[in-house]
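The values are calculated or read from the model by the stated rules, or taken from the named source; none is laboratory data. These numbers were taken from a predicted model, which means no experiment stands behind them. Cβ: placed from backbone, ideal geometry, glycine included. Neighbour counts: every protein chain shown. For accessibility, only protein heavy atoms count, side chains too; no ligands or nucleic acids. Shrake-Rupley method; radii C 1.70, N 1.55, O 1.52, S 1.80 Å.
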Amino acid sequence: MSSESKNHERGRVPIRRLPTGVPGLDEILAGGLPEYSFNIVAGNPGGGKTTLAHQIMFANATPERPALYFTVLGEPAIKMLRYQQQFSFFDMTKLDGAIRFINLSHVVMEKDLGAVLDVIVKEVENSNAGMVFVDSFRTMLRSAQSDGSGMELPDFIQRLALHLTSWQVTSFLIGEYSEVEFRDNPVFTVADGLLWLNQSAERNSIVRKMQVIKMRGQNTVPGMHTFRITDDGVQTFPRTLGLTASSSVIKGGRRLATGVPGFDALLNGGVPEGDSMLLAGPSGSGKSMLASQFAAEGLCHGEPAVIVIFEELPKDYVRRAGKLGLDFVTPQEAGTLKIIYIRPLDLSVDETVHEVIAAVNDLGAKRVVLDSLVGFEMALAPEFRHEFRESLYRMIAALTRTGVTVVSTVEVQENFTSMGLSNYAISFLTDDIVRLRYVSIDGQMRKMLIVVKMRGGPHSIDMHEYTITDRGVVIGKPLRGYRGLTSGIPETWSWEARDQRAEHSTARARDQSDEEPPQGKAE
Amino acid sequence: MSLKRGEPLLSMQALAQQLLTLERRHQNAFDDPADEAARVFERLRDALARFAGLSGFTSLMRRALALARADDPSLRQLSVRADGSLEGLEQLSSDAVLAIIAQFLGLLVTFVGEPLMLRFVREAWPDASLDDQHGTRD
């Protein structure tokens, strides 16, 4: 039941929420803008205030309840229209009657606040306006205060807000303010809603954030939400994106085959559906290959997949998979696979989550590969890197809530004294962890794999050797008869050493004859 | 309930009629019929001004008049004074008066909801026994 219906049942006045026309913002505002509210859109120059206001205006204005856009000194209306019409939301036909621009510069310059109020009131009453915007409100107040005559500022604000609300107008004052100015300012006291838009620069990257500082009567999503301005206008990325959804998938209800011979057996049948699995290992250990095989296996079984890559270009990724016999071209063309290449350096986590979840929903994806988390961190704007763990938590939580099964890779720096799981202490984020590492045995650098953790149930506790072939990862036998395998420099156990060496020699000979690629074949 | 512009105000009209009838009971032989309407607005103003201030009442009255004018052009001769009282009331038909009161009550429902609107009305007519079936809408 909607909050409007609940209020109606409880005899409380229902407040209609107006859609903002800004993707993501209605979610942040808990449904939209309260009708007849008196709002302020504030922020520093270039923060996107005017674009946001236009987007809201074009989404709601009608000929019956038109929007009035009062411009005051700041940006001349002709210049504003020249640039704003570049956005896709700009609908030229609405300028005929649904939207009217009115220049108040001369009133502000030649008269006082009382005259300004009179003009606004007159225009509102004559037009039956449903929305009013004043841009830039700050400029108007500066000018009005400087002449020292006429109506006092608090009185002006009070009367403007009262009149606009009584006339069933949803209004927006747009102004350039700094955060410190919010205190003890009559404008902000009177306002029902206060949106703060901010852009900051850090190490050559620009990050835009939005905060709903105040919105009377609504349980808005707290905190700073990143947003981007594209050809479509402002797009916000709520911090709760994906975290409020509930999945119909029962975690671990079935096991998903990985497409890697022998690996499913170690996982007691495959990756538990709905889990997040981390493949941790050093460079060249086959993490990406294992993850690619997981995605490809799903595609073979009619399960759409999304692969998110941060370092390699999609065409290179597809080409490399092709060398392993994994066809990523056909499913891409068929619309069952989407490879998302995240552009680097100025990315927010919420934006990434938004893009990936949108792709998951579009495709009805069952499997998601994130390759790799190191690349993900590098792609983030510097401002977000210090909160990488929290960001990752939000991303993985949001993804698994959609019901998809996530396999992520993370590079581990091998040190041959211990077996760390990653450089980020992120293992708590994942349900399952598989560690890949190099081990030095008999003068050879061999590869070993172990399932470290599976929340969904039992799994193999053996450390298995594996090889990388032209058919992908191939799991070999358990490495028995050694101690110190996790250090990477194991020693043989004497009581089994002889048997183990003999067994190993036989196994190696067999692997060489029917599986091994030429020496030096890399991932 | 959310009253939108153009939506019938039948129950608000019924309540408005009830308020006018209440005032008519106090009418004496020398009263002009417009006086009962003036008294209704005055009671509403007294009750609302305590809550929303005189300027709040005046704003709402101006809006109510503008909404009523859309259906009845004869209301153009009417204007709202700075103190919220109506100028030109004596020349109005009873239907026109009714329409303004109904719009005013409808605006109150829109902004604060029906229970609070009824509370204000009861404050304005404390001795009256209001018929709730006229003041509520399905």
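So here's what we get for this one:
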{"quantity": "Some residue of the range A:307-317 being under 19 Å from A:ILE475 (Cβ atoms), assigned by the TED database to the domain that holds A:VAL434 and touching a Phe, Trp or Tyr at 6+ places or on another chain (Cβ under 7 Å)", "calculated": "no"}
{"quantity": "Those residues of the range A:179-229 which are out of contact with any Lys or Arg (no Cβ under 8 Å at 6 or more places or on another chain), closer than 18 Å to A:GLY48 by Cβ and polar (S, T, N, Q), in sequence order", "calculated": "A:SER205, A:GLN211"}
{"quantity": "Unmet criterion (only one of (1) within 14 Å of another protein chain (Cβ to nearest Cβ); (2) modelled with pLDDT of 90 or more) for A:ALA53", "calculated": "(1)"}
{"quantity": "Selection status of A:GLN86, surrounded by fewer than 17 Cβ atoms within 10 Å (Cβ to Cβ) and touching a residue at least 40 places away in the same chain (Cβ under 8 Å)", "calculated": "yes"}
{"quantity": "Qualifying position, being farther than 23 Å from A:TRP196 by Cβ and in a strand (DSSP E or B), among A:LEU68, A:LEU81", "calculated": "A:LEU68"}
{"quantity": "All positions within the range A:376-413 that are surrounded by 23 or more Cβ atoms within 10 Å (Cβ to Cβ), at pLDDT 85 or above and assigned to a strand (DSSP E or B)", "calculated": "A:THR405, A:VAL406, A:VAL407, A:SER408, A:THR409, A:VAL410"}
{"quantity": "So B:ALA16, is it surrounded by 16 or more Cβ atoms within 10 Å (Cβ to Cβ), away from chain A (no Cβ under 13 Å) and at pLDDT below 90", "calculated": "no"}
{"quantity": "So A:ASP231, is it farther than 22 Å from A:GLN158 by Cβ, open to solvent by 30 Å² or more (accessible area, probe 1.4 Å) and at pLDDT 90 or above", "calculated": "yes"}
{"quantity": "Flag for A:MET57 being surrounded by fewer than 17 Cβ atoms within 10 Å (Cβ to Cβ), hydrophobic (A, V, I, L, M, F, W, C), assigned by the TED database to the domain that holds A:GLN158 and under 27 Å from A:GLY24 (Cβ atoms)", "calculated": "no"}
{"quantity": "Answer residue from the range A:130-147, given it is closer than 20 Å to A:LYS79 by Cβ and at pLDDT 75 or above and is nearest to the other protein chains (Cβ to nearest Cβ) among those", "calculated": "A:VAL134"}
{"quantity": "Residues satisfying the stated conditions in the range A:215-226, i.e. surrounded by fewer than 17 Cβ atoms within 10 Å (Cβ to Cβ), over 19 Å from the mean Cα position of the chain (by Cα) and at negative phi", "calculated": "A:ARG216, A:ASN219"}
{"quantity": "Identity of the residue in the range A:353-366, out of contact with any Pro (no Cβ under 8 Å at 6 or more places or on another chain) and surrounded by 23 or more Cβ atoms within 10 Å (Cβ to Cβ), that ends up farthest from A:SER200 (Cα to Cα)", "calculated": "A:VAL360"}
{"quantity": "Residues that are outside any loop (DSSP other than H, G, I, E, B) and either open to solvent by 30 Å² or more (accessible area, probe 1.4 Å) or of a type in the set (S, T, N, Q) (or both), drawn from the range A:249-262", "calculated": "A:ARG255"}
{"quantity": "Criterion violated by A:LEU117 - all others in (1) part of a strand (DSSP E or B); (2) touching a Lys or Arg at 6+ places or on another chain (Cβ under 7 Å) satisfied", "calculated": "(1)"}
{"quantity": "Selection status of A:VAL221, at pLDDT 85 or above and either more than 20 Å from A:PRO34 (Cα to Cα) or of a type in the set (A, V, I, L, M) (or both)", "calculated": "yes"}
{"quantity": "Positions within the range A:468-498 being among the hydroxyl-bearing types (Ser, Thr, Tyr), modelled with pLDDT of 90 or more and open to solvent by 20 Å² or more (accessible area, probe 1.4 Å), in sequence order", "calculated": "none"}
{"quantity": "Unique residue being buried (at least 16 other Cβ atoms within 10 Å of the Cβ), among the hydrophobic types (A, V, I, L, M, F, W, C) and either assigned by the TED database to the domain that holds A:SER348 or farther than 18 Å from A:ILE56 by Cβ (or both) when the list is A:VAL180, A:VAL187, A:VAL169, A:VAL212", "calculated": "A:VAL187"}
{"quantity": "Close pairs from the range A:14-25: first more than 14 Å from every other protein chain (Cβ to nearest Cβ), partner in a strand (DSSP E or B) and surrounded by fewer than 19 Cβ atoms within 10 Å (Cβ to Cβ), Cβ under 9 Å, at least 6 apart", "calculated": "A:VAL22/A:GLN235; A:PRO23/A:GLN235; A:GLY24/A:GLN235; A:LEU25/A:GLN235"}
{"quantity": "Residue match in the range A:148-158 (condition: in contact with a helix residue (DSSP H, G or I) (Cβ under 7 Å, 6 or more places away or on another chain), part of a strand (DSSP E or B) and modelled with pLDDT of 85 or more)", "calculated": "no"}
{"quantity": "Residue within the range B:94-104 that is touching a Lys or Arg at 6+ places or on another chain (Cβ under 7 Å) and at pLDDT 90 or above present", "calculated": "no"}
{"quantity": "Count of residues meeting criterion [in a loop (DSSP other than H, G, I, E, B) and open to solvent by less than 60 Å² (accessible area, probe 1.4 Å)] in the range A:190-209", "calculated": "2"}
{"quantity": "Subset of the range A:32-47 that is open to solvent by 10 Å² or more (accessible area, probe 1.4 Å) and modelled with pLDDT under 95 - its residue that is farthest from the other protein chains (Cβ to nearest Cβ)", "calculated": "A:GLY46"}
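Results for (1) within 14 Å of chain A (Cβ to nearest Cβ); (2) under 14 Å from the mean Cα position of the chain (by Cα), shown as yes or no for each residue.
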position: B:ALA64; (1), (2): yes, yes
position: B:ALA68; (1), (2): yes, yes
position: B:ARG76; (1), (2): yes, no
position: B:SER79; (1), (2): yes, no
position: B:ASP83; (1), (2): no, no
position: B:ALA96; (1), (2): no, yes
position: B:GLN103; (1), (2): yes, yes
position: B:VAL109; (1), (2): yes, yes
position: B:SER129; (1), (2): no, no
